[in-house]
Every structure is written in structure tokens, then in C-alpha cells.
Amino acid sequence: MMYEKKGRYIVEFPDIPKARQHHVEIDVDARRGNYREVELGFPEDRAVLEAKRCLSCRRCLGCALCWAECKPEAIRFEMEDEVFDLDADAVVVSAGVDRPVERLDRRFGFGTFLNVITDLQLERMLSRSGPSAGLVLRPYDGEIPRSVAFVQSYGSAAPAMHRRALCFGVNEAVLVRQKLADAEIRVYAADLSSFREEFAKDLEKLDGIEIHENHVAKIEATEDQCLRVFFEEDGQTREKTFELVVLLTQPQLSGELKDLSKSLGLSYAYADFLAGNGPGVIRTEKESIGLAAQA
């Protein structure tokens, strides 16, 4: 059939992860004349590499299920690729940000403590189409947490980027409050003066969400996988235990957007994408190129 013969539908993505790891096996000579286990499992280094692989490699297998399910018949396997050159009077570049978890400091326990998650993981959890169908659960045991801490996981940052991260985190805290009416919810972050001033009226309306301007030094897990959050307050190190911790991650301009801006000859800083108080266009040094402002 067409979809089997057309190699163009077997799409290879450039970001497919490395090949999977294989169990360590004993040599053939060591297997003879005994009942020793042949496969010894993963050593720690291979187990870590395998755990970091994305099992959803997004490779199109050419199965044509999309074609079979497409009611409008918009999928046409016989269509050839075409490259278009368009003349435009103006170009608006829309922002897209990454939140790389590999930059998270080990002292926050991400990847070590199961009940430490990122704001993006919580966003997925809050979605009805997510892994928990919209329920907020502790990954360790599937229980509903009675206390949740939102912790800033990055150091100093550009004001616009810091503002975006805080807005995202506080909005998530509001959604968690709607789902967990009796849970204790706290937000720990630094440099909140401008954020408090800009959103003073909105912050006054927060119900049951405490925002603390504290630097979190580290996070430790207890025997029951609750989490002790150690923070600086009044010159002293204090601690408070939570059942779930959400790390507020640092947004940054994606590599694709950096390449696009370079090809367009723009010299703006990445934080410019995060500026503005609502939808609109930020002007650049190129008269015909603008940036889509972010709220």
C-alpha cells in the first residue's frame, strides 16, 4: 500500500534518545555445568542511563492508523513535500521556552525523592488527560497530599523570567487549592518585592495559599517519603515537612528559537520574550520583525 511504500512517512526525529541499555550477562564458559543466573540485571550506571531514555520516541512507523481515523480525509499519502518562498511585510516571532530539568540542583532531590516533582510535571498531573486524570497524587504511594510546597529551584534570574516562573507557580498553587480544599499550600521564593507590588490586588485574593520570601537551602526525605524543606528565616535555618514538593523551574529560550532569531539577524536578550503585561507585540531593532509578548 501507499503508506508502506512511501519512505517519506517513516519519519526519523533528530532528538530520538540513545539506544536502550542491555542487561549484563555472565560469559558462556561461566554458564556451563551450573544453574547460575545468566542475566545479572543493570548495574547502577546503566540503570541511570536507561531511566533517562525517553520511551516515547515519536517515530512514525507508517501504520496508517491516522489515515484510517481521519474523518475529514485530510491525510494524503501521495502528497509530495513542497518548499515555499513567501514574501511578508512583517514577521512576528512567538515565544517558546524550555525548562531543562538537568540544571536542577541535586540538593532539591529531584530524581532522587519520588515526591519531588517539577511545575511542568504538576501541570500534566492537573490535566484531565494526564496520567492521574486531573487528580493531585503523591508519586510514591498514589495518596492525596495534605501539604504541598512550591519551591524556587533556581538562583538569580532576569526579572522578566523570574516573573514568569512565579506567575506559573502561583497559578498552579491556585489550581491545587481548588482540588485540595483542606491541604496546606506554601510558596517559597526569593526577590518577591516587585512581584508582590505588581500583583498586590491578585495576591490579596489568594485563599489558603501562603507566599514566603525565603531561600530554600535543601530538601531531605523522611522514612515515609515526606519531605523536609530547610529554609533561611531571620538569619536561622528552619525546616517544615510537606507531603509533596513542586519545584519552580527556570524558563529559558529554546534552541530552535535562538537559531531562528540568529537567522533573522536579531540581537535581543532572551528575557525580552517574557516581557510585557499582556498580549501584544514588542518591537525589535528590525522594523519588520516583532516579538509576541507574553503575559
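The values are calculated or read from the model by the stated rules, or taken from the named source; none is laboratory data. Not measured: the values here are computed from a predicted model. In this analysis, Cβ positions are derived from the backbone assuming ideal geometry, glycine residues included, and neighbour counts consider all displayed protein chains.
Do you know which residues across region 236-289 are in contact with a Lys or Arg (Cβ under 6 Å, 6 or more places away or on another chain) and at pLDDT 75 or above? Full working, then the answer.
Our first condition is that a residue be in contact with a Lys or Arg (Cβ under 6 Å, 6 or more places away or on another chain); within region 236-289, this holds for 239, 241, 243-244, 249, 251, 274.
Across region 236-289, the qualifying residues are Glu239, Thr241, Glu243, Leu244, Thr249, Pro251.
Has region 194-214 got at least one residue that is within 19 Å of Arg106 (Cβ to Cβ), modelled with pLDDT under 95 and either assigned to a strand (DSSP E or B) or out of contact with any Leu (no Cβ under 9 Å at 6 or more places or on another chain) (or both)? Scanning region 194-214 turns up no residue that is within 19 Å of Arg106 (Cβ to Cβ), modelled with pLDDT under 95 and either assigned to a strand (DSSP E or B) or out of contact with any Leu (no Cβ under 9 Å at 6 or more places or on another chain) (or both). Kindly list, by first and then second residue, each pair from a residue in region 74-89 that is under 19 Å from Ser288 (Cβ atoms) to a residue that is at pLDDT below 90 and assigned to a loop (DSSP other than H, G, I, E, B), limited to pairs with Cβ atoms under 9 Å and residues at least 6 apart or on different chains. Final answer for the pair search is Ala88/Ser288; Asp89/Ser288. When residues in region 200-240 are screened for being within 21 Å of Val174 (Cα to Cα), exposed (fewer than 14 other Cβ atoms within 10 Å of the Cβ) and either among the polar types (S, T, N, Q) or not assigned by TED's automatic domain parsing to the domain that holds Val176 (or both), 0 of them pass. Pairs linking a residue in region 109-124 that is in contact (Cβ under 8 Å) with a residue 40 or more places away in the chain to a residue that is polar (S, T, N, Q), with Cβ atoms under 6 Å and 6 or more positions apart or on different chains, are Asn115/Gln225; Thr118/Thr249; Asp119/Thr249.
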